[in-house]
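Have a look at the structure below, then the notes.
The values are calculated or read from the model by the stated rules, or taken from the named source; none is laboratory data. In this text, all values refer to a predicted model and were calculated from it rather than measured experimentally. Here the Cβ positions follow ideal geometry from the backbone for every residue, glycine too, while neighbour counts run over all protein chains shown. Quick note on the areas: whole protein, heavy atoms, side chains included, nothing else; ligands and nucleic acids left out. Shrake-Rupley method; radii C 1.70, N 1.55, O 1.52, S 1.80 Å.
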Amino acid sequence: MRRVRTVDLLPGMQTAEDVYSYNNQMILPKDTVLTDKMITRLEFYSILAIKIQDETNAPAEEEEELPPDTSYSEKVRASKQFKQFEKNFLETTDGFKGKIHQIVEKNAPIDTDAMFNNVISLIDKDMNSISVFDMLHNMRQYDDFTYMHSINVALICNVFGNWLGLTAEDVKTLTLCGLLHDIGKLMIPENIIRKPDRLSPAEYNIIKTHTLQGYNILMEYNISEAIKESALMHHERCDGSGYPLGIGESRINPYAKIVAIADVYDAMTAARVYRGPLCPFKVISIFESEGLQKYDSHYILTFLEHIATTYMNNRVRLSNGKEGDVVFMNKNVLSKPMIKCGKEFIDLSKETDIYIETFV
């Protein structure tokens, strides 16, 4: 089975489980073949995503047999799709690492078409935006501060660009902006990049130079100015609090504004040597509290609305120790969805002291 956003459902798809509203009213039973009227009904009940049957004739025994209580993340990691993605991702990362070093150390040419095709090949024809984030979320066991992060940001930018309704050419440019945004980090000493503790103020100032270093590496290449300026400006903020230039919203390249959101989201949901990965709903909460000041309002609101939807039906552990499934998004507070814990429904938007602690 796979999760599909309601807006992406098509007549003929078949539900893989019973679909309930937030107040536990059954809307559609398992194995229902969807019609236009049924999809409209899901939208009426604000159901953002459901599980549907895979369209495959592959023998069931080819998939690993899992216990009924297996979590959604465990099912993703056990799937053939994830195992193939993981293999391809690691191979792509190795190839990307070699190319980037050639560019930085030997001024090798930048073949943007080849770079884009290598990254985009990770998204197979059966993946939608939910599938891409499922894959990335379950790759968090790998500790890489530059190469894998750059590919993650490229993939997030690719999906994000489609959420924004950009043209195919603009999505390609945005994907490349994400891929090359951190190239300047190769100029930062390895002992600082991989320091197992928090950076000192002096070390942090050295890290901050990667934006200028990246721009200087790319400036002489015949590539889009957006790619160069995204390397320079992806740490600028709309309220002027960013670096290296401290410029405000009107002067930041639009592509850099988008990369900034993808960059922060991936960095915060990844593990660091001094902390574990933050739960995506914690990151959404941080974006909700400061996003409209620091990030372009159109971009951040679009991102939050869609990113929250990708985690529908995931099993989570709450701060009170209870476990349940995300079943309904509260559009006014996306970090506080409705959770179904057995037969109990907990509306986190009405529970100020309870929050999502982690995925299970």
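Gain on full extension, evaluated as 0.36 nm per residue between TYR243 and SER71 minus their Cα-Cα distance, stands at 57.8 nm. Estimated at 0.36 nm per residue, the fully extended path between LYS322 and GLN84 surpasses their Cα-Cα distance by 82.4 nm.
Rounded to whole Å, the principal axis extents of the Cα atoms in the stretch 131-255 read 42, 36, 30, largest first. When GluC sites (Glu not before Pro) are flagged only if DSSP places them in a loop and at most 16 other Cβ atoms lie within 10 Å, the longest unflagged stretch of the chain comes out as 66-219. Restricting attention to the stretch 250-360, lysine pairs at least eight places apart or on different chains and with alpha-carbon atoms under 16 angstrom apart total 9.
Counting only residues at least eight positions apart within a chain, or on another chain, the lysines with an alpha carbon under 22 Å from that of LYS195 are LYS97, LYS185, LYS208.
Relative to the longest principal axis of the Cα atoms of the chain, helix 254-269 runs at roughly 70 degrees. Tell me the carbon and sulfur percent of the accessible area for the stretch 175-332, rounded to whole percent, probe radius 1.4 Å. Heavy-atom surface of the stretch 175-332 belonging to carbon and sulfur, 1.4 Å probe: 49 percent. Entry note: the stretch 228-360 has Rg to Rh equal to 1.03, where both radii use alpha-carbon atoms and Rh is the Kirkwood radius. How large is the translational diffusion coefficient of the stretch 198-240 in µm² per second when you combine the Kirkwood radius over alpha carbon pairs with Stokes-Einstein at 20 °C and 1.002 mPa s? In µm²/s, the coefficient rounds to 188. The C-alpha atoms of the chain define a longest principal axis, and helix 147-163 lies at about 60 degrees to it. Across the chain, Cα pairs under 8 Å and at least six residues apart give a relative contact order of 14 percent. Orientation-averaged projection of the stretch 266-339 equals 5.5 nm² [convex hull of Cα atoms, one quarter of hull surface area].
Could you work out the helix-only [θ] at 222 nm for the chain, with each DSSP H run of four or more residues adding -39,500 (n - 2.57) and the total divided by the number of residues, to the nearest 500 deg cm²/dmol? Calculated from helices alone, the mean residue ellipticity at 222 nm is -14000 deg cm²/dmol. Summarising the label geometry, the points placed 7 Å from Cα in the beta-carbon direction at ILE286 and ASP113 lie 4.0 nm from one another. Expressed as a whole percent, the proportion of Cα-Cα pairs in the chain lying more than 34 Å apart is 28%.
Cross-link reach is defined here as a Cα-Cα straight distance under 20 Å, omitting same-chain residues fewer than 8 places apart; for LYS37 the lysines meeting it are LYS51.
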